[in-house]
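First the structure, in the form of structure tokens, and then the observations on it.
Please treat every number below as a calculation from the coordinates, not as lab data. The model shown is predicted, which means the values in this text are computed figures rather than measured ones. Cβ: placed from backbone, ideal geometry, glycine included. Neighbour counts: every protein chain shown.
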There are 2 protein chains.
Amino acid sequence: MENDNLSLTFAALADPTRRAILARLAEGEATVNVLAEPFDMSLQAVSQHLKVLERAGLITRGRSAQWRPCRIEMAPLDDAAAWIGQYRAVWRDRFDLLDQEIRKIRQQKGDDRG
Amino acid sequence: MENDNLSLTFAALADPTRRAILARLAEGEATVNVLAEPFDMSLQAVSQHLKVLERAGLITRGRSAQWRPCRIEMAPLDDAAAWIGQYRAVWRDRFDLLDQEIRKIRQQKGDDRG
DNA sequence: ACCCTATTCAACCGATCTCTTAATCAAGCA
DNA sequence: TGCTTGATTAAGAGATCGGTTGAATAGGGT
């Protein structure tokens, strides 16, 4: 449920239109028509983008009369950020270790400043 | 160059195999053969995954004899994390505003606690 | 009832993705 | 010169993506 959803999330974020939709939704809820307005694209295409975002859990939708207001959801973004952060942390630790090694070697060579 | 690269980066991260490759590379450089070993997949397929990662700037490759050691690069991951963080910040600010509004309304109603 | 608006569903098309196998390139070694 | 190893390129199959148009659904308003 987690790894798969990471794939769905990153795949959803890979499209500029969908990122723009999320950017708009970060400012507040919006209907499909409102979301579609800035794009040179059919309403149906936007609707399909929303379905992709919904499947990734990045948005949820209510119903009020014939409108389907979309709301951004943070959980998948949190997961994505956590995944990236995790490997950045591993990488940083590796650099720290490398740094220690370099210092050690310099000390052994009696070199206090490279 | 930035927006397009975000798309390339997220698209690259959308594949579990490529995420696993990055996870391995976070521990240190590795050759294509070494990277391919854990996967039930041809060497060529892994090579193609590496090309995707390279095009996104997520890895760079050296040459030492017939080996092509792969190294992870943090810059695109930083960009991706920054993009996500940006909208999480917008969202948090929105909640803060909403929170203030709720407090204001409660105060107007003479209600000092839920 | 009828119509209007908001949205989705369905079918299709061309492009791209991910894998395969076969062929090719690059570098070291007999 | 050939042989072997490491890796890439090329071509193709099958699935998915991102868009289109046309028809259907959902929920008012008159």
*Helix A:43-55 sits at what angle to the longest principal axis of chain A, using alpha carbons and giving 0 to 90 degrees rounded to 10?*
50 degrees
*asked:* What does the copy distance list look like for residue B:64, label position 7 Å along Cα→Cβ, in nm and ordered from shortest?
replied: 6.2
*Any idea what the relative contact order of the stretch A:3-108 is, in percent, if you count C-alpha pairs under 8 Å spaced at least 6 apart?*
28 percent
*Evaluate the distance, in nm, between pseudo-label points positioned 7 Å from the Cα of residue B:15 and of residue B:75 along their respective Cα→Cβ axes.*
2.2 nm
*In whole Å, how far is the Cα centre of the stretch A:52-78 from that of the stretch B:16-68?*
35 Å
*Which of the aspartates and glutamates could a cross-linker span from residue B:104 if the Cα-Cα distance has to be under 16 Å and same-chain partners fewer than 8 positions apart are dropped?*
B:96, B:112
*Which value, in nm² and rounded to one decimal, describes the direction-averaged projected area of the C-alpha convex hull of the stretch B:1-98?*
7.6 nm²
*Can you pull the mean other chain C-beta count within 10 Å for peptide A:91-98?*
2
*asked:* Under the convention of a label 7 Å out along Cα→Cβ, give the distances in nm from residue B:38 to the same position in every other copy, shortest first.
replied: 3.8
*All-pairs alpha carbon distance profile, the protein assembly as shown, 10 Å steps from 0, percent*: 7, 25, 27, 19, 13, 6, 3, 0
